[in-house]
């Protein structure tokens, strides 16, 4: 049978199957699925575990012997086979298919491998898994579902997180679920029962740098281009994560945007009140900023950072910083699709 991450939990509540195959290139989800199988097996008396690393040149006789040999220390065992490529070759295909057919009630075979292509999925050993056991193919979380995935993880950790903090986490981890989970666990330790804000995310994730992204936002709101560019250059030289710097620039843009609710040049989507009182000079400057062009430049910087547009995202951020401070910058270049 084929399983999903959701149906795996339900299946493990029933009697264990002789063999489980977990495939995929998402290490966090694959590891959690394997841990769930191991935990259920241990609860049912599978107290011994053997791990075999196998490839095309593996000693398949050793694996056959391990399965056939009775344990001296436990009545039930987990035999874990790790296949780096998912293609064990002719000998491995035959050996695995035969082992799966011969598994008894006291041996659980857990097979871990990377993503299986179409050819590998049709191999005899995979068909044997489907016939006698279960196959769970783990897929990466698509970008449009990343926020929902983070929200679910926060609920599991009993962690209250603001929406903009989740967006920042999604942006800085770029689909790396293992990194995202580690960040959430760190935030849980730091925040305890307190609500996590975007500022706390920044304080907890970037702050070995001598220059902070919070200082960048302050300089941009105050309209201090020299200070803003100095901080931006410092962040770049210290190898700070570019998504954090981009977030700080956009945060400043939102604060300034909130000062001119009646401006016809404001982008669609409504306005909000500034997070802090601003001076009259800042309010006057904010009323005359070209927000549509600023938003386009921010999108360009993000696309450059992700490799979707040619150019240097840090340089684009510097131009955006100048414009936010009310200084003239180079005009926007035409996008490749517009040429």
Computed D for segment 61-174, Stokes-Einstein, Kirkwood radius over alpha-carbon pairs, 37 °C, 0.692 mPa s, to the nearest µm² per second, is 190
Helix 213-222 axis, angle to the chain major axis (alpha carbon atoms, nearest 10°): 20
To test your reading of the geometry: what angle, between 0 and 90 degrees and rounded to tens, separates the Cα axis of helix 146-157 from the longest principal axis of the chain? 70
Taking a quarter of the surface of the Cα convex hull of the chain, what do you get in nm²? 22.6
Roughly what angle does helix 242-257 make with the longest principal axis of the chain, taking Cα atoms, 0 to 90 degrees, to the nearest 10? 40
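For segment 8-83, what does the alpha-carbon gyration tensor say about shape, rounded, prolate or oblate, given a ≥ b ≥ c as the root eigenvalues, a/c under 1.5 as rounded, and a/b over b/c as prolate? Each step should come with its number before you reach the end.
On the way: a/c = 2.29, a/b = 1.14, b/c = 2.02.
Note, shape of segment 8-83 comes out oblate.
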FRET efficiency for residue 82 and residue 152, using Cβ-Cβ distance with R0 set to 41 Å, rounded to 0.05: 0.90
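Label segment 1-134 by shape, choosing from rounded, prolate and oblate, from the square roots a ≥ b ≥ c of the eigenvalues of the Cα gyration tensor; if a/c is under 1.5 it is rounded, and otherwise prolate applies when a/b is larger than b/c, oblate when it is not.
Since a/c reaches 1.5 but b/c is at least a/b, the shape of segment 1-134 is classed as oblate.
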Estimated FRET transfer efficiency when R0 is 35 angstrom, pair residue 230-residue 296 (beta carbons, to 0.05): 0.90
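No value in this document is a laboratory result; all are computed from the given coordinates. Remember, it's a predicted structure, so these values are computed and weren't measured experimentally. Glycine gets a Cβ as well: all are built from the backbone with ideal geometry, and neighbour counts include every protein chain shown.
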